[in-house]
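The structure appears right after this line, and notes come after that.
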Amino acid sequence: MNKLFNEDIELFFKKRVKSETIDLIIADPPYNVLEIEWDMFKSELEYFTFMKKWLIYAFDSLKEGGTLYLFNTAYNSGKLISIIEKIGYHFIDWITWYKKDGFTGSKKKYVNNQETILFFSKGKNWKFNYNEIRTPYVATERLKHAAEKGILKNGKRWFPNEKGKLCTNVWEFSSERHNTKVKGKVIKGFHPTPKPSKLIERIVLASSDKNDLVLDLFSGTGTTTFICKNLNRNSLGCELNKEYYEYAIKRIGVK
Ligand SMILES: C[S@@+](CC[C@H](N)C(=O)[O-])C[C@H]1O[C@@H](n2cnc3c(N)ncnc32)[C@H](O)[C@@H]1O
């Protein structure tokens, strides 16, 4: 079952989500940075109050051992960690999404080409399918040697894993605006900030199993629901904007 609802996040939690039923939450909320109606808040206080409110509902919805991945800017993420810990979540990691291409060119500071994904759990016994998200080794010459004879490590012979190395917490994925360039030119997409499918796939594989129940919060173009459907995970999602919602249900073929 994969379902999307065209409604505000608070109403969505009240109407659709039961306590302690969710295995994984992927939340891609407004960042309070874009000049676009759904991303603008009157003040930082208003923004963080909004964030805290739905994060409390989200905590209640998680099963013990369930996890939350939260996208944001590095600045907001820094401020959010203590707010989120106070709700009761256990902080696991700060993942940096390195987007390769930079955005606003700046001559006063470094050009930003990263976003943050905060990784939390409810309780300390969370699921992590590390074998599902291995990535290719880099040092291929050394690896060839290691594959044949093994490398001596702490008195034992180490052989490379055929699926690749363990995944690190710096993730390289081109942003969608880069992926969809035509003849090198950025084309204005239907949605300003869709997330790359491959990035969402890594999260879903790492932190859920088949038939688990995933929440796609602030679903936008429905990337998370799309991946959940392909990977046989159940999902529930919400998106306030009617046009984005309609685009998402057409893309995924769910309602
Ligand atoms: C950063 S975008 C999500 C993009 C999405 N991850 C994707 O891949 O397309 C945030 C989305 O949150 C939606 N949104 C903003 N406020 C909301 C609210 N109160 N309840 C539900 N959705 C909301 C916006 O319309 C926007 O599409």
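The values are calculated or read from the model by the stated rules, or taken from the named source; none is laboratory data. Not measured: the values here are computed from a predicted model. Here Cβ is always computed from backbone atoms with ideal geometry, including for glycine, and neighbour counts include all displayed protein chains. Just so you know, the surface numbers come from the protein's heavy atoms only, side chains and all, with ligands and any DNA or RNA stripped out. Shrake-Rupley method; radii C 1.70, N 1.55, O 1.52, S 1.80 Å.
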(Q) Computing the accessible area with a 1.4 Å probe over protein heavy atoms, can you report the carbon and sulfur percentage for the chain? (A) 53 percent
**Q.** With 5 Å bins from 0: P(r) over segment 33-138, alpha-carbon pairs, percent
**A.** 2, 10, 17, 20, 18, 15, 10, 6, 2, 0
Q. Where the centre of each part is set by its Cα atoms, how far does segment 94-169 sit from segment 185-253, in angstrom?
A. 23 Å
Q: May I ask what percent, to the nearest 5, of DSSP beta bridges between residues of segment 11-125 are antiparallel?
A: 75 percent
Q.
Which entries of Lys163/Lys242; Lys14/Lys195; Lys63/Lys100; Lys42/Lys99 have Cα-Cα distances beyond 31 Å here?
A. Lys163/Lys242; Lys63/Lys100
(Q) Using a Cα-Cα cut-off of under 20 Å, which aspartates and glutamates could be cross-linked to Lys165, ignoring same-chain neighbours fewer than 8 residues away? (A) Asp93, Glu132, Glu141, Glu148, Glu201
Q: Calculate the dipole size of segment 71-142 relative to its Cα centre from +1 charges on Lys and Arg beta carbons and -1 charges on Asp and Glu beta carbons; express the result in debye to the nearest 20.
A: 220 debye
**Q.** For peptides 21-31, 240-250, 196-206, 218-228, sequence by mean Cβ density within 10 Å, most packed first
**A.** 218-228, 21-31, 196-206, 240-250
Q: Please calculate how many Å² of accessible area segment 4-148 carries per residue, with a 1.4 Å probe and no DNA, RNA or ligand atoms counted.
A: 57 Å²
Q.
If I fit a long axis through the Cα atoms of helix 140-149 and take the longest principal axis of the Cα atoms of the chain, what angle between them do I get, 0 to 90°, rounded to 10?
A. 50 degrees
Q: Quote the FRET efficiency, to the nearest 0.05, computed for Lys163 versus Leu45 with a Förster distance R0 of 41 Å and r equal to the Cβ-Cβ distance.
A: 0.30
Q. How much length is gained on full extension from Thr21 to Lys210, taking 0.36 nm per residue of separation minus their Cα-Cα distance?
A. 66.5 nm
